[in-house]
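*Asks:* Below is a structure I'd like to ask you about.
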Amino acid sequence: MNIYGASGHAKVLIDIINSIGRDVNYIFDDNPEITKILEYSVTHKITAEMLNFPTVIAVGNNMIRKNISQRFEGVFTVALCHKSATISESARIGKGSVVMAKAVVNAQSLIGSHCIINSGAIVEHDNDIADFVHISPGAVLTGNVTIGEGTHIGAGAVIIPGIKIGKWVTIGAGAIIIKDVPNNAVIVGNPGKILKYNN
Ligand SMILES: CC(=O)SCCNC(=O)CCNC(=O)[C@H](O)C(C)(C)COP(=O)(O)OP(=O)(O)OC[C@H]1O[C@@H](n2cnc3c(N)ncnc32)[C@H](O)[C@@H]1OP(=O)(O)O
C-alpha cells in the first residue's frame, strides 16, 4: 500500500498497514526535504509503478485531504482499518477512510469517503457521517448522530443521541454537544457553545 503525505499521521498509517500484515510500498511527499519516515524512504515523484498499489492519504486537515482526493480521483480507493478496530458487519466504511486502533463503528453506521476515525473513537449505532470528516481520538458519537462533510470532532468530545452536526464544523476537544450545530460553527465547552465560525 502507498501513503500520500509523510506526516505524523503517516506514522500511524504505517502501524495500521503493518497490523493487518500488508506491505508499505511507497510513501510520497511533495516536500523534497522529507527523505525518511520511521525506517521508510520517502519518494517525491508519482510513478506508474506506484499506481499499481492502493493509496491512502495521510493528511489530517480535512480540506487539504479533500483537495488531494479530488486531484487524484480514482487513485485512493481503499479503506484501511487497524486489526484492533471493532467494525459491525452492518456498518459501511467509504473509500480512502481510515479506522485506527481500538476505534468502534457500531451497527448500521455509515462512514463516508476519506474520513478519519481516530484511535479509540466510538461511533455508535445508526450514525451517518459524510465525507472528509475527522473523529479525533477518544471522541464518542452516541446513537443516530449525523455529521456533515469536512467536520472535525475534537479529542474526547461527546455528542448525545440524535444530534445533527453541519458541514465544516469544528467541535473543540472535550466539548459536550447537546443541540444541533449549524454549518461552519466552532463549538467549545460543556454544554457546547458557539465560539465563532470557520471561514
Ligand atoms: C492525533 C491527533 O492529534 S488528532 C487531533 C485532535 N485535535 C483536537 O482535538 C483539537 C481540537 N481543537 C480545539 O479544541 C481548539 O482549541 C479549537 C479549534 C476549539 C479552538 O482553537 P482556536 O480557534 O485556536 O481558539 P483559541 O485557542 O484562540 O481559544 C479561543 C477561546 O476558546 C477557548 N477554548 C479553546 N479550545 C477550547 C476547548 N477545547 N474547550 C474549551 N474552551 C476552549 C480558549 O480558552 C479561548 O477562550 P478565551 O477567549 O476566554 O481565552
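The values are calculated or read from the model by the stated rules, or taken from the named source; none is laboratory data. Being a predicted model, the structure only gives us computed values, none of them experimental. Every residue, glycine as well, gets a Cβ built from its backbone with ideal geometry; the counts of neighbours run over all protein chains shown. The protein model used for the area step is the full one, side chains on, heavy atoms only, and it has no ligands, DNA or RNA in it. Shrake-Rupley method; radii C 1.70, N 1.55, O 1.52, S 1.80 Å.
*Asks:* Which sequence of C115, C81 reflects their accessible areas, 1.4 Å probe, from the largest down?
*Replies:* C81, C115
*Asks:* Let me ask you something else. Roughly how many Å² is the accessible area per residue of the stretch 13-136, as a whole number, for a 1.4 Å probe?
*Replies:* Values: 5950 Å² over 124 residues.
On a per-residue basis, 48 Å².
*Asks:* In units of 2.2 N^0.38 Å, what is the alpha-carbon radius of gyration of the stretch 150-199?
*Replies:* Details: Rg = 9.2 Å, N = 50, 2.2 N^0.38 = 9.7 Å.
Here the answer is 0.95, to two decimals.
*Asks:* So how long is each side of the stretch 45-84 along the principal axes, counting just the alpha-carbon atoms, biggest first, in Å?
*Replies:* For the stretch 45-84, the Cα extents along the three principal axes come out at 32, 26, 17 Å.
*Asks:* On the Cα set of the stretch 22-116, report Rg and Dmax in Å, please.
*Replies:* For the stretch 22-116, the Cα radius of gyration and maximum Cα-Cα distance read 14.5, 44 Å.
*Asks:* Among I46, V145, I20, which residue has its Cα furthest toward the positive end of the charge dipole of the chain, with +1 on Lys/Arg Cβ and -1 on Asp/Glu Cβ?
*Replies:* Toward the positive end, the furthest listed residue is V145.
*Asks:* Can I ask one more? Largest first, how would H114, H82, H125 line up by accessible area (1.4 Å probe)? Let's see the in-between values first.
*Replies:* On the way: H114 10, H82 40, H125 70 Å².
Sorted by accessible area, descending: H125, H82, H114.
*Asks:* Bin width 5 Å, origin at 0, all Cα-Cα pairs of the stretch 114-199: what percent of pairs per bin?
*Replies:* Using 5 Å bins, I get a P(r) of 4, 18, 30, 32, 13, 2, 0 for the stretch 114-199.
*Asks:* Give me, ordered by chain and number, the residues 5 or more places off T43 or on other chains with an amide H under 5 Å from its own placed amide H.
*Replies:* Residues meeting the amide H criterion: I27, F28, D29.
*Asks:* Another question, if that's okay. Build a GNM of the chain with springs between Cα atoms under 10 Å: which of I57, I122, I68 gets the top mean-square fluctuation?
*Replies:* Comparing I57, I122, I68 in a Gaussian network model of the chain, the most mobile one is I68.
*Asks:* Taking 8 Å as the Cα distance limit and 6 or more residues as the minimum spacing, I'd like the relative contact order of the chain as a percentage.
*Replies:* Numbers: 579 pairs, mean separation 21.8, N = 199.
That works out to 11 percent.
*Asks:* Send over the per residue convex hull volume for the stretch 80-162, Cα only, as a whole number of Å³. Before the final figure, lay out the partial values.
*Replies:* Working: hull volume 4.8 nm³, N = 83.
Considering the Cα atoms of the stretch 80-162, their hull volume per residue is 58 Å³.
*Asks:* Largest first and to the nearest Å, give the Cα extent of the stretch 3-71 along each principal axis.
*Replies:* Rounded to whole Å, the extents work out to 29, 25, 23 Å.
*Asks:* Can you check how the C-alpha radius of gyration of the chain compares to 2.2 N^0.38 Å, as a plain ratio? Display every interim value, and only then the final one.
*Replies:* On the way: Rg = 16.6 Å, N = 199, 2.2 N^0.38 = 16.4 Å.
In units of the 2.2 N^0.38 Å rule of thumb, it is 1.01.
*Asks:* Which value, in debye to the nearest 20, gives the size of the charge dipole of the stretch 57-199 about its Cα centre, when Lys and Arg are +1 and Asp and Glu are -1 at the Cβ? Display every interim value, and only then the final one.
*Replies:* On the way: 12 positive and 8 negative charges, 70 e Å.
In debye, rounded to 20, the stretch 57-199 gives about 340.
*Asks:* Round to the nearest 10 and report in Å² the accessible area of R92, as given by a 1.4 Å probe over the protein chains' heavy atoms.
*Replies:* Counting only protein heavy atoms, the figure is 140 Å².
*Asks:* Which pairs in the list K36/K83; K11/K36; K11/K167; K66/K179 are over 20 Å apart, alpha-carbon to alpha-carbon? Write out the running numbers ahead of the final one.
*Replies:* Numbers: K36/K83 25 Å; K11/K36 11 Å; K11/K167 28 Å; K66/K179 27 Å.
As for pairs spanning more than 20 Å Cα to Cα, those are K36/K83; K11/K167; K66/K179.
*Asks:* Here's something else I'd like to know. With all protein chains present, calculate the accessible area of F132 using a 1.4 Å probe and round the result to the nearest 10 Å².
*Replies:* 20 Å²
*Asks:* If ligands, DNA and RNA are left out, what is the accessible area of K179 with a 1.4 Å probe, given in Å² to the nearest 10?
*Replies:* Surface open to solvent at K179 totals about 150 Å².
*Asks:* Within the stretch 71-199, what whole-number % of the accessible surface is contributed by carbon and sulfur, with the 1.4 Å probe and all protein chains included in the calculation? Show your work: numbers first, answer last.
*Replies:* Numbers: 3060 of 5620 Å².
In the stretch 71-199, the share of accessible area belonging to carbon and sulfur is 54 percent.
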